[in-house]
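For reference, the structure discussed in these notes is given below.
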Amino acid sequence: MPRQELTRTNEEKMVDLDVTGPAVDVELPAEGAVITEVAAETPTQETTEKIRVEEVEEPKKELEDYSKNVQQRINKLTARLREAERREQTATDYAQNVQKENLTLKNRNTALDGNYIIEFANRITTETQAAKAALKQATENDDVDQQVESHKNWRVLRLKHRT
């Protein structure tokens, strides 16, 4: 089979194809393509070997570069994923700690409120008993001034403990 050259225009020429191998069907674009006959050349064995070596090395390098790029993208995505997981774990830990602290403070507040109410009730009882005892003693001693003073103290206690 003679070598052929495909040109799109008369000035623009395409690269020569090696036609020494098995025949292959090729579809050509119908628009503006012109097929011209080219004289057959026999490439030397040395040139063919160089071309084959270069063709093998170039795809290997391209493949290695592509693999490097893919690995870098995978590493970046993995790093982002790990960072997102770390942030999520940190946020979860923080929320749990805040929840524990909130529960602890609520329990402490409830306990303090209960203790405060008990202490306040005991103080009211003690002060009321002391005022009654002072009034009783003033009555037994027939001391009017002391009775008036004890009665004042008792009323002040009643007003204080109503609020």
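The values are calculated or read from the model by the stated rules, or taken from the named source; none is laboratory data. Just so it is clear, the structure is predicted and the values come from calculations on it, not from any experiment. In this analysis, Cβ positions are derived from the backbone assuming ideal geometry, glycine residues included, and neighbour counts consider all displayed protein chains.
Pairs linking a residue in region 144-155 that is assigned by TED's automatic domain parsing to the domain that holds GLU127 to a residue that is of a type in the set (D, E, K, R) and exposed (fewer than 14 other Cβ atoms within 10 Å of the Cβ), with Cβ atoms under 8 Å and 6 or more positions apart or on different chains, are TRP154/LYS132. The set of residues in region 106-163 being among the hydrophobic types (A, V, I, L, M, F, W, C), surrounded by 14 or more Cβ atoms within 10 Å (Cβ to Cβ) and at pLDDT 85 or above consists of ALA130, ALA134, ALA138.
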